[in-house]
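Working notes for the structure below.
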Amino acid sequence: KLPLEAVQVVLEELRKQGALEWLDKGKSSFLVMWRRPEEWGRIIYQWVVKNGLTNSVFTLYELTSGDDTENEEFHGLDESMLLRALQALQQEHKAEIITLDDGRGVKFF
């Protein structure tokens with residue numbers, strides 16, 4: 001067992017590295033990320049380019065649960081992390097998150 005102060009030091013170091021995000025202001029709940037959203041975005045975009053899928057539209061479901069992504073690292077990725085990854089790509093002008101009749105989707109450029 002680590003003392004509370006040691007745990008806080010470890011958590012703060014993870015936060016500095018971008019691998020942890022506090023979910024509340026009291027710092028009692030947090031999200032530990034295996035990969036940062038920008039890294040997931042890079043992996044997803046590499047798949048898009050590799051498969052010639054730029055200028056294509058996908059639902060979020062297709063990206064994380066579709067047959068085409070079954071062997072990809074991002075298959076099964078939590079939707080909140082997927083959205084963060086897509087937002088990172090959107091900031092780089094490589095994608096645009098769109099609203100579809102049955103939910104959200106993304107168009108890759």
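The values are calculated or read from the model by the stated rules, or taken from the named source; none is laboratory data. A quick note: this is a predicted structure, and the numbers were derived from the prediction, not measured. Note: ideal-geometry Cβ built from the backbone for every residue, glycine included; neighbour counts use all protein chains shown. Accessible surface is based on the protein model in full, side chains and every heavy atom, while ligands, DNA and RNA are left aside. Shrake-Rupley method; radii C 1.70, N 1.55, O 1.52, S 1.80 Å.
Across the stretch 5-60, the qualifying residues are those that are within 15 Å of the chain's Cα centre (by Cα) and among the hydroxyl-bearing types (Ser, Thr, Tyr), and the one among them that is nearest to Phe108 (Cα to Cα) is Tyr45. Could you please let me know if Ala19 is touching a Lys or Arg at 6+ places or on another chain (Cβ under 8 Å), of a type outside the set (Ser, Thr, Tyr) and either outside the structural domain of Met81 (by the TED database) or at pLDDT below 95 (or both)? Spelling it out, Ala19 is indeed touching a Lys or Arg at 6+ places or on another chain (Cβ under 8 Å), of a type outside the set (Ser, Thr, Tyr) and either outside the structural domain of Met81 (by the TED database) or at pLDDT below 95 (or both). Scanning the stretch 1-53 for residues that are under 20 Å from His75 (Cβ atoms), in a loop (DSSP other than H, G, I, E, B) and among the polar types (S, T, N, Q) yields one hit, Asn51.
Answer yes if at least one residue in the stretch 62-74 is closer than 17 Å to Trp34 by Cβ, without any contact (Cβ under 8 Å) to a residue 40 or more places away in the chain, in contact with an Asp or Glu (Cβ under 9 Å, 6 or more places away or on another chain) and not in a strand (DSSP E or B), and no otherwise. Looking through the stretch 62-74, at least one residue is closer than 17 Å to Trp34 by Cβ, without any contact (Cβ under 8 Å) to a residue 40 or more places away in the chain, in contact with an Asp or Glu (Cβ under 9 Å, 6 or more places away or on another chain) and not in a strand (DSSP E or B). Hey, can you tell me all the residues within the stretch 83-109 that are within 14 Å of Arg42 (Cβ to Cβ), out of contact with any helix residue (DSSP H, G or I) (no Cβ under 6 Å at 6 or more places or on another chain), open to solvent by less than 80 Å² (accessible area, probe 1.4 Å) and in contact (Cβ under 8 Å) with a residue 24 or more places away in the chain? The one that is within 14 Å of Arg42 (Cβ to Cβ), out of contact with any helix residue (DSSP H, G or I) (no Cβ under 6 Å at 6 or more places or on another chain), open to solvent by less than 80 Å² (accessible area, probe 1.4 Å) and in contact (Cβ under 8 Å) with a residue 24 or more places away in the chain: Leu86.
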